[in-house]
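Chemist: A single structure is presented below for examination.
The values are calculated or read from the model by the stated rules, or taken from the named source; none is laboratory data. What you see is a predicted model, and the numbers here were worked out from it, not measured in a lab. For neighbour counting, all protein chains shown are included, and Cβ atoms are generated from backbone atoms with ideal geometry for every residue, glycine included. SASA here: full protein model, heavy atoms, side chains in, ligands and nucleic acids out. Shrake-Rupley method; radii C 1.70, N 1.55, O 1.52, S 1.80 Å.
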Amino acid sequence: MSRIKIKDLLKSTSFGSEVTVKGWVRTKRENKEVAFVALNDGSIIHNLQIVIDVQSIGEDLLKSITTNACLAVQGTLIQSLGKGQTVEVQAKHIQILGLADPEKYPLQPKAHSLEFLREIAHLRMRTNTFGAVFRIRHAMAFAVHQFFNERGFVYLHTPIITGSDAEGAGQMFRVTTLDPKNPPLNEDGSVNFKEDFFGKVTNLTVSGQLEGELGAMALGEVYTFGPTFRAENSNTARHLAEFWMIEPEVAFNELQENMDLAEDFLKYLVKYALTNCLDDLEFLDDRFKKEEEKKKQEERSDMGLIEKLKFVVESPFERISYTQAVSILLESKPFKKGQFKYDVAWGVDLQSEHERFLVEKYFKKPVILTDYPKEIKAFYMKQSEDGKTVKAMDVLFPGIGEIIGGSQREDDLDKLTIRAKEVGIHEEDLWWYLDTRKFGGCPHAGFGLGFERLLLFVTGMGNIRDVIPFPRTPMNAEF
């Protein structure tokens, strides 16, 4: 008899039918006559209750049914009289597929800290919290592809190994096959990378954007969705060394269309989660409320998790310039009372506390900031007529701050070349990128959405290490 997923059984009304179910034991309780096992197979956050006649199953087999033992159960689907469940399975035959020593199993039936669970990331997906998080992660990844496919975008696979630094930040992981103890050297003592595998310095990519622009110049509308890497020695709750980025690039779009696409995209994703992940979101909503209760009153969110998601879907995003935002911040009570940790001034990159004030306290809706000073933005952004700002845009969300960063791209070859030199990028390193401006260039725009930042918002988790299966951070590349 073929296995039926618990997700499907819990919706079934085929009472009296014979079924086979397989999964892992979450809990077991028993008396002299009957035992009740909560079984979960990962398809849904809810468990299926297995009812076992103690005499018919045998004492030895019953002892083997411990927390996280893996079972195959054949039995009859019956209507449940228990609270909080509609169906259960009356077991006729049980096979132990995998034993679990209850004395050694790290996940005991008690609350565990997220810090502890990161140390056993190979097992943490078996908890309700992480089961919910990673089912939602899957749903969001599917929704990303569905959104762009419905709109005629082409999914472009951009390289993970690259010879360019898209951001100009220099915080990249080197890729090399040279002997680290005895590399070939030039006459001046520097490493001779011409003898390396690729014949030049190469790194893991920080972004697929530049290659995405090449695709947009031929295919019109493209998007990338892949792993990116940054060697930033940061141990904050917002940074990873390996993370996933979604980066659409659209020919003929300018800043206004770029903002429209970003808003539509985010609302689509959040709405998809509300429609398709409600069981998991309800569980995480309860968890979110408990976590908020532990915080100081002034740090607590005014909304629950699901309420916050609905708020984003239903609210038109506020659109203001960076200059307007700075003026608002300078007139705000937190600034005047010295409550901001970081200073506010025109030309300074806004910090998360400033972004969250604008979203959560001032406008009380998502905000898109535009027209940033060019000195604090990347070289490829379209320069404005004022000579001081660029046609950039950042989307700010409650509880997160910046969730999307993007811009109209500079399509003027001379301005792009001069700006690249100003930030220390050599023309010969980006000759292929500049060619797209020489041969049939056009206005175009795009943005980047950090997938894990989206997941922080959708799941209500507080640390970015808890929304990726196996986080890569400074001094940590386990599993």
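Chemist: If packing is taken as the average number of other Cβ atoms within 10 Å across a peptide's residues, how do 104-117, 45-58, 350-363 rank, most packed first?
Modeler: 350-363, 45-58, 104-117
Chemist: Please quote Rg/Rh for region 335-479 to two decimal places, taking the Kirkwood radius as Rh and restricting both calculations to Cα atoms.
Modeler: Radius of gyration over Kirkwood radius for region 335-479 works out to 1.03.
Chemist: May I ask you to list the residues of region 193-210 whose amide nitrogen lies under 15 Å from a point 7 Å from Cα along the Cα→beta-carbon direction of Ala477?
Modeler: It comes to 203-205, nothing else.
Chemist: Shape call for region 207-259 from the C-alpha gyration tensor, a ≥ b ≥ c root eigenvalues: rounded (a/c under 1.5), prolate (a/b greater than b/c) or oblate?
Modeler: Prolate shape, in that a/c is at least 1.5 and a/b is the bigger ratio.
Chemist: If you don't mind, there's one more thing I want to ask. Give me log10 I(q)/I(0) at q = 0.19, 0.24 Å⁻¹ for region 3-87, Debye formula, one equal scatterer per alpha-carbon, no solvent.
Modeler: For region 3-87 at q = 0.19, 0.24 Å⁻¹, log10 I(q)/I(0) is -0.84, -1.34.
Chemist: What do the square roots of 5 times the Cα gyration tensor eigenvalues come to for region 116-184, in whole Å, largest first, as semi-axes of the equivalent ellipsoid?
Modeler: They are 33, 26, 10 Å, listed from largest to smallest.
Chemist: For region 356-479, which whole percent of the accessible surface, found with a 1.4 angstrom probe, sits on carbon and sulfur atoms?
Modeler: 50
Chemist: If I take R0 = 41 Å and measure r between the Cβ atoms of Leu123 and Glu257 in this structure, what FRET efficiency does the formula 1/(1 + (r/R0)^6) give, to the nearest 0.05?
Modeler: In this case the efficiency is close to 0.35.
Chemist: Sticking with this one: Angle between the Cα long axis of helix 278-293 and the longest principal axis of the chain, 0 to 90 degrees, nearest 10?
Modeler: So the helix axis and the longest Cα principal axis differ by about 80 degrees.
Chemist: Computing the accessible area with a 1.4 Å probe over protein heavy atoms, can you report the carbon and sulfur percentage for region 214-261?
Modeler: 52
Chemist: Another question about this same structure. Over region 267-331, with the other protein chains present, what is the accessible area per residue in square angstrom, probe 1.4 angstrom?
Modeler: Computed with neighbouring chains in place, this is 56 Å² per residue.
Chemist: What order do Lys308, Lys295 take when sorted by accessible area (1.4 Å probe), most exposed first?
Modeler: Sorted by accessible area, descending: Lys295, Lys308.
Chemist: Still on this structure, I have one more. Once Rh is set to the Kirkwood radius over Cα pairs, what Stokes-Einstein translational diffusion coefficient, in µm²/s, holds for the chain at a temperature of 25 °C and a viscosity of 0.890 mPa s?
Modeler: The calculation lands on 96 µm²/s.
Chemist: Using a Förster distance of 30 Å, how high is the FRET efficiency between Lys341 and Glu318, based on the Cβ-Cβ distance and rounded to 0.05?
Modeler: Once the sixth-power term is evaluated, E becomes 0.80.
Chemist: Something else about it: How many percent of the accessible area of region 1-69 is carbon or sulfur, using a 1.4 Å probe?
Modeler: 48
Chemist: Beyond 16 Å, what share of the Cα-Cα pairs of region 304-417 remains, rounded to the nearest whole percent?
Modeler: Roughly 60 percent, once rounded to a whole number.
Chemist: Turning to a different aspect of this structure: Probe of 1.4 angstrom, ligands and nucleic acids ignored: what's the accessible area per residue over region 1-86, in square angstrom?
Modeler: 55
Chemist: Next question. Averaged per residue, what accessible surface does region 334-479 expose to a 1.4 Å probe, in Å²?
Modeler: With the other protein chains kept in place, region 334-479 gives 43 Å² per residue.
Chemist: Another question about this same structure. Stretch Lys11-Gln79 to full length: gain in nm at 0.36 nm per residue minus the Cα-Cα span?
Modeler: Extending this stretch completely gives an extra 23.4 nm.
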